[in-house]
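See below for the structure under consideration.
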Amino acid sequence: MAHRHGQPRRRGPRAGHHLPWRPDARATQHVLAHLRGARGGRPGRARLRAADGDHASARPAAAQRPRSRPQHLVHRRPVHARGPAGQCVGGGRPALASLLARAGGRRLCLRPTRSNRRRALVLPGPPRAPKRPVRSRNVRILVVITKGEAGGAQTHLLELCRALAASHRFLVLIGGAESTPLGNALRASGIEVRAIATLGNSLSPTGALRTVARICDAVQSWAPDVVHLHSGGAGALGRIAAGLCGVPAVYTVHGFGFKDAVPPPRRQLALAVERLLSPLTRHMICVSHHERSLARRLPIPSGRVTVIANGIADSPLRAKPYAARGAVVMVARMAPPKRHDILLAALCVLRSRGLELPPVVLAGGGPGLPALRDMANDLGLGSLVELPGDLADVPALLVRSQVFVLLSDHEGLPISVIEALRAGLPVLASDLPGIRTQLDDGHEGWLTRNNPTEVADALQRLLTNPQMRERMGAAARARYERDFGARAMAARVEAIYQELARLPGSGRTYAP
């Protein structure tokens, strides 16, 4: 049969020539209904969906567009089907319908060929193979922290180094004396530690310059990939040294110094320093969303700020808060912003109400320890309150306790509260933004204002209700298991290390 332009019409292969079986009549009618609906009787750019056993559900396009060509011309136009391998698998109406029926619901489309005289049915190709994950590497991390005494930032650093020491190398620079609780614990874990006597929270220009020089010497001699900084003094001087040496710096914020509770002169100075050092911060880690909201005041891109909650490794020791006799314990450094004085005043309120008081243990060191001991004696609580100083085994202390207390003017994400949650103790704490992310009021414990009467009321509810202590202790343990494990924290920090280690300049030394 001749074409209307005088050229012979090309026919496709015999229907079903390359197929092992012929389609049913319903599938054939479904395909023809779509082919007839194209303009001028030619196959249009229609997407054909072939679902198993549902060929009659497709809307026929012939009822929407007029047909200007005889039906027999449309029927005789060959349609070639191309499979995933790019080869013609059949021609004609039955072959096309068979291919649609075998597609099993896949989306198929008609595409014009180069000659535009026939249409090829193209099956979607196989899915692309996923990209290979970036291979991790052993990263050399230089860690700088202001002090090596017992505290939340020090516990966080110790847990992080222990979790990643098997796959990465650490060198920790600690301000102060050669022998500190943090330094001794790190050395016992096989991590190299060096002391910097001039590193501290003092504002001495000479000491600051010497500290920057010592950090630069460590960067040049040890060639780290990343410099990780903890706490305010180390965070400021360490970022300057890392910027001089061209090594990316990570700064973990355990608590900004420009919070509203900080005195105005100190708050303004801390904000000015952070704004000046923001360009030298390659990545900032905030321990809570409240600290993240404060970081929005700084000129640092939001993509370089990450919230990673503190985490600690699990311990098999569990407290029994429902026990009839147990201690009320507070583990905190005896220095601002901690408020041990409010707890002592609340104990006096409970004594005036005739309540029998349990033993009270105020663990922790600091410059305020002598004054706090004198205050307890003056209030007549000397025989009731125990002040053991810094303790190496805090979990053993929490096991023999029934209530944990933390009163403070401002906090980041206190590690001591996480330790109490891990032990399964109900928590009585100051109502602060960082602590609100650790426990819910009335569920894992009580949140209160820093008022002796309100603290006494909440403490009395806990001491006189063993069932409440047991219920809150179980909820506290569940909260720890859900949110504050060490593995999740270490994995997220490790991902930041791996990202920064691939930047240009990592692992090289530069003259300051």
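Within the range 247-268, if we keep just the residues that are surrounded by 15 or more Cβ atoms within 10 Å (Cβ to Cβ) and of a type in the set (D, E, K, R), the residue that is farthest from residue 494 (Cα to Cα) turns out to be 267.
Checking 244, 186 one by one, the residue that is in the same structural domain as residue 152 (by TED's automatic domain parsing) and surrounded by 20 or more Cβ atoms within 10 Å (Cβ to Cβ) is 186 and no other. Of all residues in the range 405-437, none satisfies the criterion of being in a loop (DSSP other than H, G, I, E, B), of a type in the set (A, V, I, L, M, F, W, C), touching a Pro at 6+ places or on another chain (Cβ under 7 Å) and over 17 Å from residue 459 (Cα atoms).
Search the range 438-457 for residues being part of a helix (DSSP H, G or I) and over 20 Å from residue 476 (Cα atoms), and hand back the single one that is nearest to the chain's Cα centre (by Cα). Before you say what the answer is, go through the steps one by one.
In the first step, residues of the range 438-457 are kept if they are part of a helix (DSSP H, G or I); the result is 452-457.
In the following step, the residues that additionally are over 20 Å from residue 476 (Cα atoms) were identified as 452-454, 456-457.
Numbers: 452: 37, 453: 38, 454: 35, 456: 37, 457: 37 Å.
So the residue we want is 454.
Within the range 370-394, the set of residues being within 18 Å of residue 155 (Cβ to Cβ) and surrounded by fewer than 16 Cβ atoms within 10 Å (Cβ to Cβ) comprises 388, 389, 392, 393.
Tell me, please, whether a residue that is outside the structural domain of residue 230 (by TED's automatic domain parsing), within 29 Å of residue 232 (Cβ to Cβ) and not small (Gly, Ala, Ser) can be found in the range 462-475. Among the residues of the range 462-475, not one is outside the structural domain of residue 230 (by TED's automatic domain parsing), within 29 Å of residue 232 (Cβ to Cβ) and not small (Gly, Ala, Ser), which makes the answer no. Residues in the range 174-192 that are part of a loop (DSSP other than H, G, I, E, B) and closer than 14 Å to residue 153 by Cβ: 2 in all.
The rows are residues; the columns are (1) at pLDDT below 95; (2) assigned by TED's automatic domain parsing to the domain that holds residue 308; (3) touching a Cys at 6+ places or on another chain (Cβ under 7 Å).
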| site | (1), (2), (3) |
| --- | --- |
| 133 | yes, no, no |
| 144 | no, yes, no |
| 147 | yes, yes, no |
| 155 | yes, yes, no |
| 171 | no, yes, no |
| 175 | yes, yes, no |
| 180 | yes, yes, no |
| 205 | yes, yes, no |
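Among the residues of the range 286-301, the one identified as in contact (Cβ under 8 Å) with a residue 40 or more places away in the chain and farther than 11 Å from residue 256 by Cβ is 289. Would a scan of the range 269-285 turn up a residue that is crowded, with 17+ Cβ neighbours inside 10 Å and in contact with a His (Cβ under 6 Å, 6 or more places away or on another chain)? For the range 269-285, residues crowded, with 17+ Cβ neighbours inside 10 Å and in contact with a His (Cβ under 6 Å, 6 or more places away or on another chain): absent. Under the condition of being within 19 Å of residue 205 (Cα to Cα) and β-branched (Val, Ile, Thr), the residues counted in the range 230-288 number 2. Against the condition surrounded by 24 or more Cβ atoms within 10 Å (Cβ to Cβ), touching a strand residue (DSSP E or B) at 6+ places or on another chain (Cβ under 7 Å), among the aliphatic types (A, V, I, L, M) and over 24 Å from residue 334 (Cβ atoms), how does residue 174 come out, does it pass? No: the conditions fail for residue 174.
For the criterion of being assigned to a helix (DSSP H, G or I) and hydrophobic (A, V, I, L, M, F, W, C), residue 160 passes. Please verify whether the range 430-452 includes one or more residues that are under 16 Å from residue 314 (Cβ atoms) and either of a type in the set (A, V, I, L, M, F, W, C) or crowded, with 23+ Cβ neighbours inside 10 Å (or both). Scanning the range 430-452 turns up no residue that is under 16 Å from residue 314 (Cβ atoms) and either of a type in the set (A, V, I, L, M, F, W, C) or crowded, with 23+ Cβ neighbours inside 10 Å (or both).
Residues in the range 435-475 that are free of Cβ contacts under 8 Å to residues at least 40 places away in the same chain and more than 21 Å from residue 410 (Cβ to Cβ): 442, 443, 457, 461, 465, 471, 475. Of the residues in the range 242-254, at least one is touching a Gly at 6+ places or on another chain (Cβ under 6 Å) and within 30 Å of residue 335 (Cα to Cα).
Please verify whether residue 349 is outside any helix (DSSP H, G or I) and either among the hydroxyl-bearing types (Ser, Thr, Tyr) or closer than 24 Å to residue 431 by Cα (or both), treating the condition exactly as stated. No: the conditions fail for residue 349.
The values are calculated or read from the model by the stated rules, or taken from the named source; none is laboratory data. Since the structure is predicted, the reported quantities are computational estimates derived from the model, not experimental observations. Counting neighbours? That spans all protein chains shown, and the Cβs are built from the backbone with ideal geometry, glycine included.
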